[in-house]
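Everything on this sheet refers to the single structure shown next.
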Amino acid sequence: MDYSDIVRFHGHSCAGTAIGYKVGEIVVEIFGRSEDEEIVAIVENDSCSVDAVQFMTGCTFGKGNLIFKDHGKHVYTFIERRTGEGVRISFKKSLEEFMDELGVKDRVEMTQRMLEMSPYDLFEVKRISAKPPAKARIYRSVKCSECGEPVSEHRARIKDGQIVCIPCFNKNGEDY
C-alpha cells in the first residue's frame, strides 16, 4: 500500500496520516491485512491517523472491528480474534518533541521525515495477550416515538414510557 493512496482516501497529507500509515506498516508486518473481522483495532484518538489505520489494516467501524476509546492518545491496540495475541503501539514522544529532536520547523517537514523513518523509531511496540471483544451484533430497528426515525434497538431509550432515539431523549442537550 502506498502513502499516496491514504492521502487520496483521507483528503490531505499531514502528520496524523503519516502516524497512521506507520502504525499500519507495523500491523501489516505482524498480522497482515484484515480481510474481514479477524483483527480488531482499538484506537485511543479520533485524529487523521485513524483514517490511515483503517485504510492500511482493513479494520472499520462498519465491520465492528475498529473500536474508538476517547483517551486523546496516539495509542493503537490490535488483537487477533482467533488467538487473542496482539500488539499495543504507542507514540514514543509528542509530535513537538520529535520536531525539536529532528530540528524540524513545521509539520509539513515533520510529516515527510516520519514517512522516511522506521516505524519502530516512532513507536513503542509491545506484544500483548487479551480477550478479543465480541464480534459486532446486528440489532433490529425500532421507531422513535418523537421523530419517527428508525433507531437501533440497543441505542434506543425510554422517555415517558415511549421508545425514543438518543437525540430526542436528550432534547435541548446536543448529542453531536
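What to note about this one:
- Of all the criteria given as (1) in a loop (DSSP other than H, G, I, E, B); (2) free of Cβ contacts under 8 Å to residues at least 40 places away in the same chain, the one not satisfied by Gly16 is (1).
- Qualifying residue in the range 150-163 (condition: polar (S, T, N, Q) and under 24 Å from Asn65 (Cα atoms)): yes
- Residue check, Gly24 of a type outside the set (Asp, Glu) and under 26 Å from Ala136 (Cβ atoms): yes
- Of all the residues in the range 18-33, those that are among the β-branched types (Val, Ile, Thr) and touching an Asp or Glu at 6+ places or on another chain (Cβ under 7 Å) number 0.
- Criterion violated by Thr83 - all others in (1) under 10 Å from the mean Cα position of the chain (by Cα); (2) in a loop (DSSP other than H, G, I, E, B) satisfied: (1)
- Ser49 buried (at least 17 other Cβ atoms within 10 Å of the Cβ), at pLDDT below 95 and in contact with a Gly (Cβ under 6 Å, 6 or more places away or on another chain): no
- Residue satisfying condition, being of a type outside the set (Gly, Ala, Ser), in contact with a helix residue (DSSP H, G or I) (Cβ under 7 Å, 6 or more places away or on another chain), buried (at least 16 other Cβ atoms within 10 Å of the Cβ) and more than 17 Å from Pro133 (Cα to Cα), within set Ile30, Ile39, Ile19: Ile19
- Residue in the range 137-167 that is nearest to Gly84 (Cα to Cα), counting only those that are out of contact with any strand residue (DSSP E or B) (no Cβ under 7 Å at 6 or more places or on another chain) and surrounded by 14 or more Cβ atoms within 10 Å (Cβ to Cβ): Pro167
- Single residue of Ser94, Ser152 found to be outside the structural domain of Arg33 (by TED's automatic domain parsing) and of a type in the set (Ser, Thr, Tyr): Ser152
- Which listed residue is closer than 26 Å to Glu109 by Cα, crowded, with 18+ Cβ neighbours inside 10 Å and modelled with pLDDT of 95 or more, from Phe78, Phe91: Phe91
The values are calculated or read from the model by the stated rules, or taken from the named source; none is laboratory data. What you are looking at is a predicted structure, and each value in this text was computed from that prediction instead of being measured. We place every Cβ from the backbone using ideal geometry, glycine too, and count neighbours over all the protein chains shown.
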